[in-house]
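The structure appears below as structure tokens.
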Amino acid sequence: VCSSDLGELLLGVDDIVELSRAMGSPLDHNAAEDLHSAVGGGISMLQMVLAGAEHAGNSTVRPAVIEDYVRIQLLGDIANESLMEHLMRFSCTELATWPAFRDLCGEADPRRLLDDMEATGLVARVNDAEGLSFSMPAPIREILHDQYVSSAPDKARQFHGELAQWFAAHSAHRYTSLAFYHAVAGWSWELMDRLWSDGILTMVREDLALLARSLNAIPRSEEHTSEL
């Protein structure tokens, strides 16, 4: 078991096995690993999912349980509107490196903000070969992003555009594909055209699947601009 600087306990796979047994919804190691991959190690989220599984009479991770937890309980409990805004903004990207977060969060104390975001149980820090980054479990990120796009579409597009500019400026760190993805999501067509012209081979090497997703997301009215 580990904990964030200011947040709740974060559980590992073995801890989830023990928690599931204690809650009457026992999981084997493989199922616990799948659950950790789906929702992360935040104990509140895990308890909610396991409680829902118990009531459903099975131990599978049901998307509706995760969605109910995020939309009703967790979002309702975060009274700090500024913090909620930051969570939604950074749900726009699958990769949030420390330099990008520091440069784009717009706060005087980015480390304090990251502590507060992690304390919600929605954000987990990762130390890897690229340095410090953080991520949200995919189902949570998708729910938050859908909520952001539906409630504040202009703000969501603007932040995608800011991410596109940042990743394009740091493309030497293998971020060209991400820059292109965010340029499409942010309707930054001029930047999209430039990245396509200058970086198509790089993007193919970096992440062909992400490139395909980006191309599929381009509105038909814009496809001619890049001769795609």
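The single residue among Ser221, Ser150, Ser177 that is assigned to a helix (DSSP H, G or I), of a type in the set (Ser, Thr, Tyr) and more than 30 Å from Ala38 (Cα to Cα) turns out to be Ser221. May I ask you to list pairs of residues, at least six apart or on different chains, whose Cβ atoms are under 8 Å apart, with the first in segment 182-204 being farther than 24 Å from Arg89 by Cβ and touching a residue at least 40 places away in the same chain (Cβ under 8 Å) and the second being open to solvent by 40 Å² or more (accessible area, probe 1.4 Å) and among the acidic types (Asp, Glu)? Cβ pairs passing all conditions: none.
Just one of the listed residues (Val204, Val184) is of a type in the set (Val, Ile, Thr), more than 27 Å from Met45 (Cβ to Cβ), assigned to a helix (DSSP H, G or I) and at pLDDT 95 or above, and it is Val184. Exactly one residue out of Arg194, Arg174, Arg220, Arg213 is surrounded by fewer than 18 Cβ atoms within 10 Å (Cβ to Cβ), on the phi > 0 side of the Ramachandran plot and among the basic types (Lys, Arg): that is Arg174.
If the requirement is being farther than 20 Å from Met88 by Cα, open to solvent by 20 Å² or more (accessible area, probe 1.4 Å) and modelled with pLDDT of 70 or more, which of these qualifies: Asp5, Asp14? Spell out the reasoning first.
Numbers: Asp5 fails: modelled with pLDDT of 70 or more.
None of the others qualify; the one that does is Asp14.
Does segment 76-98 contain at least one residue that is modelled with pLDDT under 75 and buried (at least 21 other Cβ atoms within 10 Å of the Cβ)? No, that holds for no residue. Restricting attention to segment 29-47, the residues that are in contact with a helix residue (DSSP H, G or I) (Cβ under 7 Å, 6 or more places away or on another chain) and either within 11 Å of Asp15 (Cα to Cα) or without any contact (Cβ under 8 Å) to a residue 24 or more places away in the chain (or both) total 5.
The set of residues in segment 209-228 that are at pLDDT 90 or above and of a type in the set (A, V, I, L, M, F, W, C) comprises Ala209, Leu210, Leu211, Ala212, Leu215, Ala217, Ile218.
The values are calculated or read from the model by the stated rules, or taken from the named source; none is laboratory data. Since the structure is predicted, the reported quantities are computational estimates derived from the model, not experimental observations. Every residue, glycine as well, gets a Cβ built from its backbone with ideal geometry; the counts of neighbours run over all protein chains shown. With ligands, DNA and RNA removed, areas are computed over all heavy atoms of the protein, side chains included. Shrake-Rupley method; radii C 1.70, N 1.55, O 1.52, S 1.80 Å.
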